[in-house]
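Here's the structure we're looking at; comments come further down.
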Amino acid sequence: MPAATPGLSPRRFWSALLLGLVALAVLIGLGTWQVERLFWKEALIETIERRIHGPAEDLGVIVAAEQSSGDIDYRPVRVTGTFDHAGERYFLSTHEGEAGWNVYTPLLVAGQDLAVFVNRGFVPYALKEPSARPEGQIAGLVTVEGLARNRVTDNPGGALMPDNDVAQHIFFWRDVPAMAEGLALPDGTRMLPFTIDAGEGAAPGGYPIGGQTVVTMPNNHLEYALTWYGIGLGLAVLLTVMVVAQFRAKRWRDRPSP
């Protein structure tokens, strides 16, 4: 009869078991954290969907909400004013596979000492300069309906996102104070800290093309949770096998001598 495996020494066994239990606790914690993130993400998606399909509110309502809560993202808004086309700012973007720019233009709010940047939409590279799309440079009072976007205070991409080129009016993230540098706003006019994405539809002449809001909320938390729990289950099985094998080996060692 072959000899039974001697098993681990007590020190190695208890060390391995302790490390395994710590790792198991970490895996369960990670899985549980992902479940919590899943519920949070689902609630966030539901909130955004509800907001996007709600009625447009006057700018004053959005301004008050932004001041009280700081969260106005994707709330429909309506505002009337005059575009300051000389203050255009440009964000690299794509539309239906074509590379170009999103054009952000200051809107001087009618009857108020306020201005707000409006993302009027996409133009191809060749139409970046306003002179290339004169029909789209709407003069006079206009009413814009779109989605309010929260203020951004820090580079959301960190080291992975290039710095804004303020001098060339080219931006990668919505730093409103930097975007407002160099604007010739009327005296006493305050630039609002958030922006507005104009709704769908093209300006006269075809550009800019509105409706460029990107609402993508990746929700992979269930897969991540199952991954962590799955690894934890595998580790639990291995620990069980180790414990069973160790106690069998102990019983073998402690058996009465023939």
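In this rough spin-label picture, where each label sits 7 Å from Cα along the Cβ direction, the residue 126-residue 112 distance is 4.0 nm. Length gained on full extension, residue 167 to residue 45, computed as 0.36 nm times the residue gap minus the Cα-Cα distance: 40.3 nm.
Across the chain, the mean sequence separation of Cα contacts (distance under 8 Å, 6 or more residues apart), normalised by length, yields a relative contact order of 24 percent. For the chain, the extents of the C-alpha atoms along the principal axes are 106, 38, 30 Å, listed from largest to smallest.
Highest first, please rank the peptides 207-217, 141-151 by the mean number of other Cβ atoms sitting within 10 Å of their residues.
Ranked from most to least packed, the peptides come out as 141-151, 207-217.
Computed from the C-beta positions of residue 214 and residue 15, the FRET efficiency with R₀ = 45 Å rounds to 0.30. Restricted to Cα atoms, the range 75-210 shows a radius of gyration and a Dmax of 14.1, 42 angstrom.
The base-10 log of I(q)/I(0) for the range 103-157, evaluated at q = 0.16, 0.20, 0.26, 0.30 Å⁻¹, reads -0.66, -0.94, -1.20, -1.32 [Debye formula, identical scatterers on Cα atoms, solvent excluded].
Packing-based ranking of 131-140, 192-201, 100-109 yields 100-109, 192-201, 131-140, ordered from highest to lowest mean Cβ neighbour count within 10 Å. Here the Karplus relation 6.51 cos²θ - 1.76 cosθ + 1.60, evaluated at θ = phi - 60°, turns the backbone of the range 14-28 into coupling constants of 5, 5, 5, 5, 5, 4, x, 5, 4, 4, 5, 4, 5, 5, 5 Hz, with x for every Gly and Pro.
For the chain, the longest principal axis of the C-alpha atoms and the axis of helix 59-69 are separated by about 30°. Modelled spin labels at residue 92 and residue 233, positioned 7 Å past Cα toward Cβ, are 4.3 nm from each other.
Taking 0.36 nm per residue of sequence separation and subtracting the Cα-Cα distance, how much length would be gained by fully extending the chain between residue 71 and residue 135, in nm to one decimal?
Details: separation 64, 0.36 × 64 = 23.04 nm, distance 3.51 nm.
The residue 71-residue 135 span can extend by a further 19.5 nm.
We did not get these values from a lab; they are worked out from the coordinates using the rules stated. Computed from a prediction, not measured in an experiment: that's the story for all the values here. Don't worry about glycine lacking a Cβ; one is built from the backbone with ideal geometry, like all the others, and counts go over all protein chains shown.
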